[in-house]
1. Looking at region 326-347 only, could you name the residues that are in a loop (DSSP other than H, G, I, E, B) and within 34 Å of the chain's Cα centre (by Cα)?
2. Filter region 88-136 down to the residues that are away from the ligand (no atom under 13 Å from the Cβ), over 24 Å from Asp427 (Cα atoms), among the charged types (D, E, K, R) and part of a helix (DSSP H, G or I) and list them by number.
3. Evaluate the following for Ala200: is it in the same structural domain as Gly135 (by TED's automatic domain parsing) and within 11 Å of the ligand (Cβ to nearest atom)?
4. Looking at region 215-229, which of the residues that are surrounded by fewer than 17 Cβ atoms within 10 Å (Cβ to Cβ) and without any contact (Cβ under 8 Å) to a residue 40 or more places away in the chain is nearest to Val146 (Cα to Cα)?
5. Of everything in region 210-233, what is within 15 Å of the ligand (Cβ to nearest atom), outside any loop (DSSP other than H, G, I, E, B) and in contact with a helix residue (DSSP H, G or I) (Cβ under 7 Å, 6 or more places away or on another chain)? Give them in sequence order.
6. What number goes with the only condition from (1) at pLDDT 95 or above; (2) in contact with a Ser or Thr (Cβ under 9 Å, 6 or more places away or on another chain); (3) surrounded by fewer than 22 Cβ atoms within 10 Å (Cβ to Cβ); (4) part of a loop (DSSP other than H, G, I, E, B) that Pro383 does not pass?
7. Do we have Thr374 as over 22 Å from Ser277 (Cβ atoms), outside any loop (DSSP other than H, G, I, E, B) and β-branched (Val, Ile, Thr) here?
8. Which residues, taken from region 168-190, are under 13 Å from Phe209 (Cα atoms) and either more than 9 Å from the ligand (Cβ to nearest atom) or part of a loop (DSSP other than H, G, I, E, B) (or both)?
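The values are calculated or read from the model by the stated rules, or taken from the named source; none is laboratory data. Just so it is clear, the structure is predicted and the values come from calculations on it, not from any experiment. All Cβ positions, even for glycine, are placed from backbone atoms using ideal geometry, and neighbour counts span all protein chains on display.
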Amino acid sequence: MASLTVRKLDDAIKTALKLRAAQSGRSVEDELRVILRQAAFEDSAPLPPAAAPETPSPPLQAPEGRYRVTLIIGGGIAAYKALDLIRRLKECGCEVRCVLTRAAERFVTALSASALAGSPCHTDLFDPTSEFDAGHIRLARHCDLVVVAPATADLMAKMAQGLADDLASAILLATDKPVLLAPAMNPAMWNNAATKRNVAQLARDGRTFVGPNRGEMAEANEAGIGRMAEPLEIAAGALTLLQPAQTQILKGRRVLITAGPTHEPIDPVRYIANRSSGKQGYAIAVAAAAAGADVVLISGPVNLPDPKGVKTIRVESAQEMLAAVEAALPTEVAIFAAAVADWRVAQAGAQKIKKGKDGAPALELVENPDILATIAKRATGRPPLVIGFAAETEHVAENARAKLARKGCDWIVANDVSPATGIMGGDSNAVQIFIKDQEAPEAWPAMSKTDVAARLVARIADTFSSSTESTPAS
Ligand SMILES: Cc1cc2nc3c(=O)[nH]c(=O)nc-3n(C[C@H](O)[C@H](O)[C@H](O)COP(=O)(O)O)c2cc1C
């Protein structure tokens, strides 16, 4: 199958594509998939089920505009991630007004931020069109939260000192609202004594931090603490500050989630894997933590950072995942979103298997433990609500119903992961929830994985609140 490099499209197409993606609430990649699907099936057979429908996915945690966020984008490499953060905040029901520092404008454009936010963005403290009535005070006060992402070393130094010589710092000095800072900088800058002093001062001043995380830097061969938290984590941090305590719908509940693929070794350097990205499981962990749950995430090998406020345990194989799950019990909810390998190699080589004159080695496969069934059928210590995922490429409903009965779980979240849907590894999902003793499944429209997570968490909380039994009502 041919691949397409977006960089090689001309600028007019890229801009139109970004605007179209922003309007439909999809990533550019998902938008491209939708366009290609439409073109491929034009005048031919009816469209197979799509990952992202023509209509934008409905906002789930809150209707847009329920919260007002002033997002200050500082001048660092991570500014590009702030554009995704605008979308994530909007998915959480936030109306976003953006402020770019002069330095930020060197990294991303005010046009992109405005198009994604759906409102003009602000850059200049002395702008006559917005300052005739002290616009910076409006941006500082007529909001529920101020988020700074990326929070540069420079911006935090100014905040710690109370400087106000540009629009961003003037807003930060004038605001009486909570402020969430997502620092991002080179590890040497983060570890500098001056930055440490400023961060400590800002924490004493009541500012909240999300990140920075450990990881690779944009600079070649540099790694350490300094990467900006991922947009999903920042949005979850924002929601925690925005939501009053009563919306902590899973407060005090212990929730276990598995995510990602497993790697089954063939020898010390080779393994059998699958295409699971872990995005859906991680999004559920973030949503459950934002809803106040005590979350344990047991993750196979994925390329995602540990979500903030979630106890994350990394494992490789199905056997390790089962051991970690059993060690994490008891929990009230167990959600098995991981794509666990059905088989492993019976005798993984202790050393790298070498090519020989006898041709390719024969790999004998044996069945892996069935983690979902093992936990759902426990005689003692079974979580009251056990939820499995069914990733199917055909006969989704039939297979999901059979899985629900065979595994002994309470719900199955089924999705069609055939390549045409773009769900595996993508940012969208279209799921049906099959519930024990309930005839018809709940079919949810296609939406972002963040939205699926939020809606699933709300559905779980509903189940607990409507149940007086130890096993939640379905
Ligand atoms: C290529 C490049 C990357 C930069 N990345 C960062 C960064 O990640 N974090 C940071 O604190 N400063 C970074 N800086 C330095 C800031 O851009 C500089 O301190 C600027 O004055 C910050 O302005 P602001 O705080 O008003 O946005 C970078 C500078 C350049 C040229």
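1. Of everything in region 326-347, those that are in a loop (DSSP other than H, G, I, E, B) and within 34 Å of the chain's Cα centre (by Cα) turn out to be Leu329, Pro330, Thr331, Glu332, Ala337, Ala338, Val340, Ala341, Asp342.
2. Passing the criteria: only Glu131.
3. So Ala200 does not fit the description; no.
4. Going through the qualifying residues, I end up with Ile225.
5. Gly224, Ile225, Gly226
6. Evaluating Pro383 over (1) at pLDDT 95 or above; (2) in contact with a Ser or Thr (Cβ under 9 Å, 6 or more places away or on another chain); (3) surrounded by fewer than 22 Cβ atoms within 10 Å (Cβ to Cβ); (4) part of a loop (DSSP other than H, G, I, E, B) leaves (3) as the failure.
7. Spelling it out, Thr374 is indeed over 22 Å from Ser277 (Cβ atoms), outside any loop (DSSP other than H, G, I, E, B) and β-branched (Val, Ile, Thr).
8. Answer for region 168-190, where residues must be under 13 Å from Phe209 (Cα atoms) and either more than 9 Å from the ligand (Cβ to nearest atom) or part of a loop (DSSP other than H, G, I, E, B) (or both): Pro178, Val179, Leu180, Leu181, Ala182, Ala184.
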